[in-house]
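Here is the structure we will look at, set down as structure tokens.
What follows is calculated from the coordinates using simple rules that are stated; it is not laboratory data. Quick caveat, the model's predicted, so the values are computed rather than measured. Cβ placement follows ideal geometry from the backbone for every residue including glycine, while neighbour counts extend to all protein chains displayed.
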Amino acid sequence: MRDDLEIQYRELMENANSIILRMDTKGNVTYFNRFAENFFGFRQEDILGKNVIGTIVAPADLSGKDLRAMIDDLVHHPSTYMSNENENILRSGKRVWISWTNKAILDEDGRPVEVLAIGNDITKLKEAEAQILKAKEAAESANKAKSSFLANMSHELRTPLNAIIGFSELMKDGTAGPLNEKQKEYIGYVWESGKHLLSLINDILDLSKIEAGKMELELGEFDLRDLIKKSLTFVSERANKHGISLLTEIAGGVGTVRADERKVKQVVFNLLSNAMKFTPDGGKIGIEAKEDAGMVKVCVWDTGIGIEDSDKGKVFSEFEQIDSEYSRKYAGTGLGMPLSRKFIELHGGKMWFESEGKGKGTRFYFTLPFRAG
Ligand SMILES: Nc1ncnc2c1ncn2[C@@H]1O[C@H](COP(=O)(O)OP(=O)(O)O)[C@@H](O)[C@H]1O
Ligand SMILES: [Mg+2]
């Protein structure tokens with residue numbers, strides 16, 4: 001009966017579709033199943049009694065890891081190698097990766113005498129893993145190269161642009177002598193376009209800085225109330241022209257904050273100019289600020305074209321604009337909102353919006369800690 005059982009076990013081990021081997025505490029092979037023979041290319045008679053080092057394990061793997069030391073440790077402490085992945089070598093010299101399950105075989109006194117090892121080939125998996133890692137590294141370094149290219153280019157582009165803006169402004173104002181009406185009109189276009197291009201370049205530069213992790217906040221103390229009032233003056237002329245009323249509501253608790261003034265100004269300006277851009281003549285836009293849960297909460301709202309649910313994902317994604325007659329009518333890049341949100345997040349705040357749909361207006365919110373950084 002016992003013999004029968006043993007024969008059955010042996011057959012099972014022989015015919016298993018896994019590598020099964022045993023080795024003693026020196027690492028000498030004492031059992032090697034048929035699958036292992038086919039896999040490694042050693043016949044039983046070639047390998048039994050031989051050490052695994054020099055047969056199926058190279059002294060070191062391709063990364064230089066000392067496998068001799070590992071096997072030495074494994075045969076003495078199999079329990080710490082219960083599941084172990086390591087590089088092995090075939091008789092042909094080909095390196096493979098195997099996922100091993102190791103178990104100590106004890107003598108009557110409970111001392112480990114042998115190790116039973118069951119292994120499965122994971123070479124393909126490892127190769128795929130390495131390829132993914134390589135692709136990821138390549139993508140990351142390409143992205144870094146792109147960011148630094150953009151940062152450099154933006155700088156190179158800004159220098160000549162400053163000359164275009166500066167000198168066209170002087171000409172436009174008549175500082176370089178009188179111009180006729182047509183000349184005045186044309187130089188005005190040069191100046192406007194130059195300014196527009198500069199703000200695009202600045203946005204791209206900011207975005208590439210953020211992506212490269214190089215955007216730093218220049219923290220200082222300023223009055224948020226003043227900043228909001230000043231920002232409103234930038235849009236008030238256009239609001240007047242289009243019959244849009246501007247409403248402001250700043251609660252008592254809002255005052256001095258510690259943040260990056262230039263960036264907060266840019267955020268407020270982006271929000272106000274969007275509200276203006278996407279609100280038809282005769283509408284209303286407003287800005288509110290109040291204290292909320294230890295933060296300042298600012299809301300820029302409008303009674304404009306609104307944002308449909310299906311378009312909501314586009315607002316904060318870079319270079320995306322919702323396709324409408326409005327975005328076609330007004331130039332834009334789709335960089336304003338993603339940048340604004342990143343600026344706010346750098347401060348430890350949040351930015352989001354609400355809109356009940358087409359024609360129902362939009363409310364953009366952001367929060368800012370009173371003391372960022
Ligand atoms: N107040 C708003 N009302 C309606 N849609 C808006 C509003 N603000 C932003 N959007 C939508 O989100 C898009 C992204 O905004 P933004 O990043 O500022 O890009 P841009 O202003 O250059 O188009 C806009 O193109 C527009 O479709
Ligand atoms: Mg915008």
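I'm a student and want to see the number: the projected area of the Cα convex hull of the chain, averaged over all directions, in nm². Result: 32.3 nm².
Here N17 and K146 are evaluated by their C-beta separation; at R0 = 56 Å the FRET efficiency comes out at 0.75. In region 2-121, the DSSP beta bridges split such that about 95 percent are antiparallel, to the nearest 5. What angle do you read, to the nearest 10 degrees and between 0 and 90, between the alpha-carbon axis of helix 181-211 and the longest principal axis of the chain? Approximately 30 degrees, to the nearest ten. Against the chain, whose longest principal axis comes from its Cα atoms, helix 123-172 is set at around 20 degrees. Helix 336-346 sits at what angle to the longest principal axis of the chain, using alpha carbons and giving 0 to 90 degrees rounded to 10? In the chain, helix 336-346 runs at an angle near 60 degrees to the longest axis. Beyond 27 Å in Cα-Cα separation lie the following of the pairs K144/K342; K144/K297; K136/K209; K26/K134; K146/K358: K144/K297; K26/K134; K146/K358. Share of pairwise Cα-Cα distances greater than 23 Å in region 253-373 is 28 percent (whole percent).
Once you sort the root eigenvalues of the Cα gyration tensor of region 240-312 as a ≥ b ≥ c, which label holds: rounded (a/c under 1.5), prolate (a/b larger than b/c) or oblate (the other case)? Note, shape of region 240-312 comes out prolate.
Most simply put, region 229-373 has about 75% antiparallel DSSP beta bridges, counting only bridges with both residues inside it.
Counting only DSSP beta bridges with both residues in the chain, the antiparallel share comes to about 85 percent. Across the options I307, I53, M295, the greatest Cα extent toward the positive end of the charge dipole of the chain (unit charges at beta carbon of Lys, Arg, Asp, Glu) belongs to I307. Of K241/K360; K182/K284; K103/K126, which pairs sit farther than 29 Å apart, going by alpha carbon to alpha carbon? Among K241/K360; K182/K284; K103/K126, the Cα-Cα distance tops 29 Å for K182/K284. Under the classification rounded if a/c is under 1.5, otherwise prolate if a/b is larger than b/c and oblate if not, where does region 132-211 fall, given a ≥ b ≥ c as square roots of the Cα gyration tensor eigenvalues? Cα axes put region 132-211 in the prolate bin. Net charge dipole, the chain: roughly 1380 debye, given to the nearest 20, about the Cα centre with Cβ charges of +1 for Lys and Arg and -1 for Asp and Glu. Overall shape: oblate for region 146-288, with the ratio a/c of the largest to smallest alpha carbon gyration tensor axis at 1.5 or above and b/c at least equal to a/b.
Amide H to amide H distances under 5 Å link D292 with K297, where only residues 5 or more positions off or on other chains count and H is placed in the peptide plane.
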